[in-house]
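The values are calculated or read from the model by the stated rules, or taken from the named source; none is laboratory data. No experiment lies behind these values; they were computed from the predicted model shown. FYI the Cβ positions are ideal-geometry reconstructions off the backbone, even for glycines, and counts take in every protein chain you see. When the accessible area is computed, the model is the full protein with side chains, heavy atoms only, and any ligands, DNA or RNA have been set aside. Shrake-Rupley method; radii C 1.70, N 1.55, O 1.52, S 1.80 Å.
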Amino acid sequence: MSESLTHFNEQQRARMVDITEKKVTERTAVVQSRIVMKPETLLRIKEGRIGKGDVLAVAQVAGIMAAKKTSDMIPMCHPLALTGVDIAFSDNAEDTLYIEVTVKTKGLTGVEMEALTAATVTGLTVYDMCKAMDKEMVVGPTYLAAKTGGKSGDFANDIKIHLALE
């Protein structure tokens with residue numbers, strides 16, 4: 001089924017979609033991402049031996065801040081009152097750090113963009129804090145793992161790039 005493009009007006013110019021008539025529902029989005037790095041980089045992150053400080057704590061705060069500022073960065077994204085942002089980390093004990101972001105709201109539109117933005121900025125922050133020792137890190141893929149709420153209902157992505165977080 002193809003969807004019409006809703007971000008264009010009758011003159012084929014960009015517009016922010018009118019969500020006035022939508023129903024307020026509880027909405028959740030879960031996004032997963034990863035960063036592949038040298039084994040030594042992951043070990044140093046886990047042991048707290050990165051010169052710039054606690055990488056995961058800083059990345060977590062950066063991701064939360066990014067979720068709250070998503071509409072400032074994505075032009076057609078509605079500003080939302082988020083009710084929760086949680087960022088969890090796990091790893092494969094070798095060379096990959098996994099990121100899982102859960103964003104929640106009670107509102108007129110979903111929080112997928114906020115969760116995607118949070119995961120991306122979290123990964124970029126890890127890269128920034130570790131780039132002096134590992135410029136070969138690869139961030140991503142980053143993808144919507146699941147969403148709940150809204151007119152389109154629940155969604156679960158069949159793609160799984162990493163182990164479940166414990």
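Can you find even one residue in region 7-28 that is of a type in the set (S, T, Y) and within 30 Å of K135 (Cα to Cα)? So far as region 7-28 goes, no, none of its residues is of a type in the set (S, T, Y) and within 30 Å of K135 (Cα to Cα).
With respect to S90, determine if the residue is closer than 17 Å to V126 by Cβ and not acidic (D, E).
On the way: closer than 17 Å to V126 by Cβ: yes; not acidic (D, E): yes.
Yes: the conditions hold for S90.
Regarding V55, is this residue at pLDDT 95 or above, open to solvent by 30 Å² or more (accessible area, probe 1.4 Å) and within 15 Å of L124 (Cβ to Cβ)? Criteria not met by V55. Each residue in region 92-122 was checked for being buried (at least 22 other Cβ atoms within 10 Å of the Cβ) and in a strand (DSSP E or B), and 5 of them qualify.
May I ask you to list the residues in region 123-152 that are under 22 Å from R27 (Cα atoms) and either at pLDDT 90 or above or surrounded by 15 or more Cβ atoms within 10 Å (Cβ to Cβ) (or both)? Quick ask: steps written out before the conclusion?
Filtering region 123-152 for residues under 22 Å from R27 (Cα atoms) gives 142-152.
Residues satisfying the conditions are T142, Y143, L144, A145, A146, K147, T148, G149, G150.
Inside region 9-43, residues that are modelled with pLDDT under 95, open to solvent by 80 Å² or more (accessible area, probe 1.4 Å) and within 30 Å of D158 (Cβ to Cβ) make up a count of 3.
Right, I74: over 15 Å from C130 (Cβ atoms) and of a type in the set (A, V, I, L, M) or not? I'd like the intermediate steps shown before the answer.
Details: over 15 Å from C130 (Cβ atoms): yes; of a type in the set (A, V, I, L, M): yes.
Criteria met by I74.
Restricting to helices (runs of 4 or more DSSP H) lying wholly in region 1-78: which have 2 or more residues that are in contact (Cβ under 8 Å) with a residue 60 or more places away in the chain and within 17 Å of M137 (Cα to Cα)? Before you say what the answer is, go through the steps one by one.
On the way: elements: 39-47, 55-68, 70-73.
Once the helices (runs of 4 or more DSSP H) in region 1-78 are filtered for at least 2 residues that are in contact (Cβ under 8 Å) with a residue 60 or more places away in the chain and within 17 Å of M137 (Cα to Cα), what remains is 39-47, 55-68.
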